[in-house]
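Structure first, then comments.
The values are calculated or read from the model by the stated rules, or taken from the named source; none is laboratory data. No experiment lies behind these values; they were computed from the predicted model shown. Cβ placement follows ideal geometry from the backbone for every residue including glycine, while neighbour counts extend to all protein chains displayed.
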Amino acid sequence: MKLERIGSMDEIKLIAQERSDYGRKASRTFREEGLLPANIYGLGKENLTVTVNTKEFTRIFMAGHRIFTLEVGDGKEQSVIKEVQYDNLGSEVIHVDFTRIDITQKITLEVGVELIGTVASGVIQFPMKEVKVESLPTGFPASISINIMELKIGDVIRIEDLEVPEGCVFVDDPEALVLQIVAPIEEVEEEVVEEVDEEADGAEPEVIGKPQDGEEEGDAEDSGE
C-alpha cells in the first residue's frame, strides 16, 4: 500500500483588471466578454472589485489550484480563493471571491485526494475526495495520492493512514474514513424472479368448468339446473 504526496502548489499568476461597473447587468456584460467578475479583500486593506479571464481562471481552478498571485495594475495581491459561485446549472463559474493572505502565516485549504491505479477486486467507496490541510501558503501539496492497486476487499484508508506532507498538518479527524474496498452486492433478486417464472411455466393451467374425476361432461352441465 503506497500513500504519498504529489507535487506542490506552485505560484500561479493571474492578471486582474479593476472595474467600476457593478450590478447584475454589468456582470452579465463582463461574462459575455469572457471576463469573470471577482472581489479581493482582507488583511485590513481596501476591497478591490476586478475581473479575470474566465477561461484562464477556470482552467487553473479545475486543475486544483487555490492560491494565486493576482497582478492588479502595478501591484500584486497574494490571495486564496474564498468562494466560487456557479450558474443555476452548477456548470459555469460566474463569480469568485479572493481573500488576501500573509505568506508567513498558516492557512487551511482543502486538498484533493487522487487515486492511482485500479483495484483487482471489490468496489471502491470513496466518501472523502478532499482533505483539510493546514500549512504555510507555499507548502501545500497539489494533491494527496493513494495507490490502490494493492488494496483488497476489507481494506480501509483513514486520515491517519495518509502520509503527512512536510510542513503540513491534517485538520480532519484522524479516524475519518477516506475510502474502503467492499465486496460487490450480488444480484439475488433477479435469480428469485427467474426461479418463480420457471415454476409458473411448468404448472398445468386450470380449466374452468372441467368435470371432476368420474363425472361426465353432460352430468356437470345437468347439475347446474
Which pairs do you get when a residue that is within 17 Å of L48 (Cβ to Cβ), found in the stretch 15-32, comes within reach of a residue that is at pLDDT 90 or above and acidic (D, E), reach meaning Cβ atoms under 7 angstrom, with the pair 6+ apart or on two chains?
-> I15/E71; A16/E71
Check on E46, outside the structural domain of G112 (by TED's automatic domain parsing) and farther than 19 Å from S91 by Cα = yes
Hey, can you tell me all the residues within the stretch 108-141 that are more than 17 Å from V169 (Cβ to Cβ), in contact (Cβ under 8 Å) with a residue 24 or more places away in the chain and in a loop (DSSP other than H, G, I, E, B)?
-> G117, T118, V119, A120, S121, G122, F126, P127
Index of the failed condition, E56 passing every other in (1) surrounded by fewer than 18 Cβ atoms within 10 Å (Cβ to Cβ); (2) over 17 Å from the mean Cα position of the chain (by Cα); (3) assigned to a strand (DSSP E or B) | (3)
